[in-house]
1. In whole Hz, with x marking every Gly and Pro, tabulate ³J(HN,Hα) for region 141-153 from phi via Karplus 6.51 cos²θ - 1.76 cosθ + 1.60, θ = phi - 60°.
2. Spin-label point model (7 Å from Cα, Cβ direction): what's the ILE252 to ASN79 distance in nm?
3. Report the charge-dipole magnitude of region 259-322 in Debye, nearest 20, computed about the Cα centre from +1 at each Lys and Arg Cβ and -1 at each Asp and Glu Cβ.
4. ³J(HN,Hα) across region 300-314 via Karplus (A = 6.51, B = -1.76, C = 1.60, θ = phi - 60°), whole Hz, x for Gly/Pro?
5. For region 1-101, divide the Cα radius of gyration by the Kirkwood radius and give the resulting Rg/Rh value with two decimals.
6. ³J(HN,Hα) across region 230-241 via Karplus (A = 6.51, B = -1.76, C = 1.60, θ = phi - 60°), whole Hz, x for Gly/Pro?
7. Write out the trypsin sites (Lys or Arg not before Pro) in region 138-186 meeting two conditions: DSSP loop, and at most 15 other Cβ atoms within 10 Å of their Cβ.
8. Amide H of LYS291 versus every other amide H placed in the peptide plane: which residues, excluding those fewer than 5 positions away on the same chain, fall under 5 Å?
Amino acid sequence: MKSKIPWQDKPKESNDVIWRYTKNPIIQRDAIPTANSIFNSAVVPFNDGFAGVFRCDNKAVQMNIFVGFSADGIDWKINHEPIIMQEGNTEMITSEYKYDPRVTFIEDRYWITWCNGYFGPTIGIAYTFDFIEFFQCENAFLPFNRNGVLFPEKIQGNYAMLSRPSDNGHTPFGDIFISYSPDMKYWGAHRNVMQVTPFEESAWQCTKIGAGSVPFLTEEGWLMFYHGVINTCNGFRYAMGAAILDTQCPEIVKYRTKPYLLSPSVFYEQVGDVPNVIFPCATLQDIAQDKTAIYYGAADTVVALAFGRISEIIKFTKENTI
């Protein structure tokens with residue numbers, strides 16, 4: 001049975017392409033007893049509802065990932081203990097921290113990627129068939145790297161992953177790259193996909209950019225939501241844009257939004273552990289109904305939800321491209 005994705009119609013007074021759920025945040029920072037914050041998390045359809053992998057920082061601000069389940073994609077029950085990994089294609093499952101997961105189904109299993117602490121941030125990979133047992137694989141890259149996002153199907157016979165090479169700190173730079181793997185263990189053929197923009201052209205994404213949600217296929221190509229960052233006098237500010245990538249050669253960017261689609265402008269996005277952050281990590285889509293639901297972290301503190309019509313997002317992206 002196909003799960004019905006969350007949805008709320010656009011407010012009559014809104015002229016925006018993307019609009020917020022009126023009952024945001026959908027997951028508060030203290031949804032489990034140990035949590036300091038819950039944000040930057042990923043969801044997928046699972047059985048008759050939805051499953052998710054959630055970033056939950058505890059009250060010692062240790063970063064880890066937890067499983068959650070929902071019947072409607074809005075009300076979530078998150079396990080109180082973090083995911084325990086078993087050995088997948090490697091015996092090396094050391095991890096100093098885990099954060100900012102993404103999840104996608106490829107062929108016969110669900111794949112999870114996250115920022116994995118192994119002598120600095122890199123991209124961890126694991127898979128599960130049931131969201132009960134999880135099998136960790138080799139890290140995709142050397143440190144330092146963040147924002148590993150898998151495509152939901154192979155590209156010309158290979159797995160494909162977007163990422164952002166970085167440094168060991170709160171990186172003041174970053175472009176989006178793509179890498180390919182025949183076996184989800186060895187990665188290569190690294191190619192640049194998107195670069196930051198000149199300040200005078202599109203300042204909201206002039207400092208760094210990173211892949212956000214798992215891309216999904218449309219008639220125009222792979223539609224992906226990404227975050228862009230500007231370094232202001234008040235620190236980094238994260239907003240959301242969209243890009244359409246070529247179907248067969250996704251390192252080719254066909255269109256990319258010059259204006260942002262969503263920026264921190266309401267209380268729960270502007271106020272939190274890290275102010276002024278919108279960080280998309282997942283989408284659910286109903287292509288037949290022309291709907292997408294976008295899950296994003298707000299102010300590194302809570303999980304929020306936004307909606308849009310796929311056709312309107314594509315039209316906006318094409319008409320307002322860099």
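The values are calculated or read from the model by the stated rules, or taken from the named source; none is laboratory data. Please read all numbers here as calculations on a predicted model, not as lab measurements. Don't worry about glycine lacking a Cβ; one is built from the backbone with ideal geometry, like all the others, and counts go over all protein chains shown. Only protein heavy atoms, including side chains, enter the accessible area calculation; ligands, DNA and RNA are left aside. Shrake-Rupley method; radii C 1.70, N 1.55, O 1.52, S 1.80 Å.
1. Going residue by residue, I get 9, 5, x, 10, 7, 8, 6, x, 10, 7, 6, x, 8 Hz, with x marking Gly and Pro.
2. Here the modelled spin labels are 4.2 nm apart.
3. Working: 4 positive and 7 negative charges, 44 e Å.
Value, rounded to 20: 220 debye.
4. With the stated coefficients, region 300-314 comes to 6, 9, 9, 9, 10, 9, 9, 9, x, 8, 4, 5, 5, 5, 4 Hz.
5. Values: Rg = 16.1 Å, Rh = 15.4 Å.
Computed over Cα atoms, the ratio is 1.05.
6. Karplus values, whole Hz, x for Gly and Pro: 10, 9, 9, 5, 10, x, 5, 10, 9, 10, 10, x.
7. On the way: sites: ARG146, LYS154, LYS185; in loops: LYS154, LYS185.
Loop-located and lightly packed - LYS154, LYS185.
8. Placed amide hydrogens put ASP286, ILE310 under 5 Å from LYS291.
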